[in-house]
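Have a look at the structure below before the remarks.
The values are calculated or read from the model by the stated rules, or taken from the named source; none is laboratory data. Because the structure is predicted, anything quoted here is derived from the model rather than measured. Note that each Cβ is placed from the backbone with ideal geometry, even for glycine, and that neighbours are counted across all protein chains shown. Just the protein is used for accessible areas: all its heavy atoms, side chains included, with ligands, DNA and RNA removed. Shrake-Rupley method; radii C 1.70, N 1.55, O 1.52, S 1.80 Å.
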Amino acid sequence: MNRPLGEIPGAQPAEVEPAAELGIERARVLLVDDDERNLLAVATVLEDLGEVVLARSGDEALRHLLKGEFAVILLDVYMPGMDGYETAQIIRGRDQTKGIPIVFLSAVNKEAEHQLRGYSMGAVDYVFKPVDPIILRSKVAVFVELFEKSKEVERKARHEQALLEENIRANTERLRIERELRFAEERQAAIIQALPIVLYVEEPEAAMREPHYVAGNFEALTGFTREQIESQPDIFMANLHPDDHASVMHALEQRLRTGAMSIEYRWKCADGKYRHFVDQTVELPSENGRRRFAGSFMDISDRRELESQLVQAQKMDAIGKLTGGIAHDFNNLLAAVIGGLSLLERRATLGDEQQRVLGMTKRAAEQGSQLVRQLLAFARRQRLQPDPIELGCLARGGLEPARPYAWRAGQPRVEGG
């Protein structure tokens, strides 16, 4: 009785096997026979060993072989068209299928000569019809198990290869991160070395303040080497400026309560000079109940010097403004004095002694006027060009220079000594 392929038991599995549930490929058996009864009988015997794929001719079998792998091929010897020997020869001639075991099914030609021909065509075994179910199952089970084992080995090999590649990738990434981290640390250390700053870690339980310097060029800042600092635990407090001692101790006490500190003080370096430092600390997360502080120790002496120069410049600017105002008012007074003396010199009749006293008075007033002009020049931040003067004139009480003072090119000229 002929039955459609889809209705033949074993042709398509009705239930999902545990192997399929685990994602493991189920072995496939290719059954090739032109007799529907033989297909039905053999498929029923083998249905629980794997997926049985049916083919009714050599051509159909070759098409199935192009679509997937098979654990074993059960091939009928005598079929119309392409017989089993020819089909086996083509299968063995293809790289894709030459490794699949072939078991010939034959109802005739049990002689050794025909069996040898089958073996020469690539068969690994013979099963004669009528088929003994136990023998057939036993033979096919061996090939199915070999196929499943080989697939398991391939899966493990792929898994191990994937693990190896993942491990290599992880190691490569780790090495890359380590290189970047090392480069960042070296760059950070170089930057810190170039700055007037030192980083330290400190435990507040110490009897004396004993920072442990972890980064920065401490010797460049203070002149002391780390060995000198470590060999003298009390050097920090001993070199602290006496006027800053009380404020530093108060800041250290406050740090224990607040967990932070920021203070400026003077500290004596190896050259015996005091330099200004700013000391800032914050508390680190506790380890085993012990408190620790991380801080920075930065030299701000240059900044303090600049600030001092700025203050001095501001003072000089204020003095200049004050001088300018005073000089302007004083110049008005001198103008009146000189004007009065000149008027008196022209209109009054004076004796020689009186003329001499008047001349000295007028000359003193003119010298005062010249001094006022110089004060005004200072107040306006003008720059005078020094010129040589005759010392003889100074000895005689005069201020006549050999060449008058003059402003630089492009500025108005100021006469006088």
(request) Would you please list the contacts, defined by Cβ atoms under 7 Å and residues six or more apart or on different chains, that run from a residue in the stretch 126-147 that is free of Cβ contacts under 8 Å to residues at least 60 places away in the same chain and of a type outside the set (S, T, N, Q) to a residue that is open to solvent by 40 Å² or more (accessible area, probe 1.4 Å) and assigned to a helix (DSSP H, G or I)? (result) Tyr126/Gln115; Val127/Ile135; Val127/Lys139
(request) State which residue is least open to solvent (accessible area, probe 1.4 Å) when the search covers only the stretch 143-153 and only residues that are out of contact with any Leu (no Cβ under 6 Å at 6 or more places or on another chain) and within 15 Å of Glu47 (Cα to Cα). (result) Phe143
(request) Specify which of the listed residues (Gln354, Gln374, Gln367) is crowded, with 16+ Cβ neighbours inside 10 Å and out of contact with any helix residue (DSSP H, G or I) (no Cβ under 9 Å at 6 or more places or on another chain). (result) Gln367
(message) Let me confirm something: among Tyr119, Tyr200, which residue is hydroxyl-bearing (Ser, Thr, Tyr) and in contact (Cβ under 8 Å) with a residue 60 or more places away in the chain?
(response) Tyr200
(request) Scan the stretch 21-46 and report the pairs whose first residue is farther than 18 Å from Ile135 by Cα and whose second residue is of a type outside the set (S, T, N, Q) and at pLDDT below 85, with Cβ atoms within less than 7 Å and a gap of 6+ or a chain change. (result) Arg26/Glu17; Arg26/Ala19; Arg26/Ala20; Glu36/Arg3
(request) For residues that are acidic (Asp, Glu), over 19 Å from Gln193 (Cα atoms) and under 48 Å from the mean Cα position of the chain (by Cα), scanning just the stretch 289-325, find the one that is most open to solvent (accessible area, probe 1.4 Å). (result) Glu305
(message) Pairs please, first residue from the stretch 173-194 and touching a residue at least 24 places away in the same chain (Cβ under 8 Å), second anywhere and open to solvent by less than 100 Å² (accessible area, probe 1.4 Å) and not small (Gly, Ala, Ser), Cβ atoms under 9 Å, 6+ apart in sequence or on different chains.
(response) Ile192/Val198; Ile192/Leu199; Ile192/Asn217; Gln193/Asn217
(message) Restricting to the stretch 86-110, name every residue that is among the polar types (S, T, N, Q), more than 17 Å from Asp33 (Cα to Cα) and open to solvent by 30 Å² or more (accessible area, probe 1.4 Å).
(response) Gln96
(message) Just the residues that are under 22 Å from Met298 (Cβ atoms) and open to solvent by 70 Å² or more (accessible area, probe 1.4 Å), please, taken from the stretch 159-202.
(response) Glu185, Glu186, Arg187, Gln188, Ile191, Gln193, Ala194, Leu195
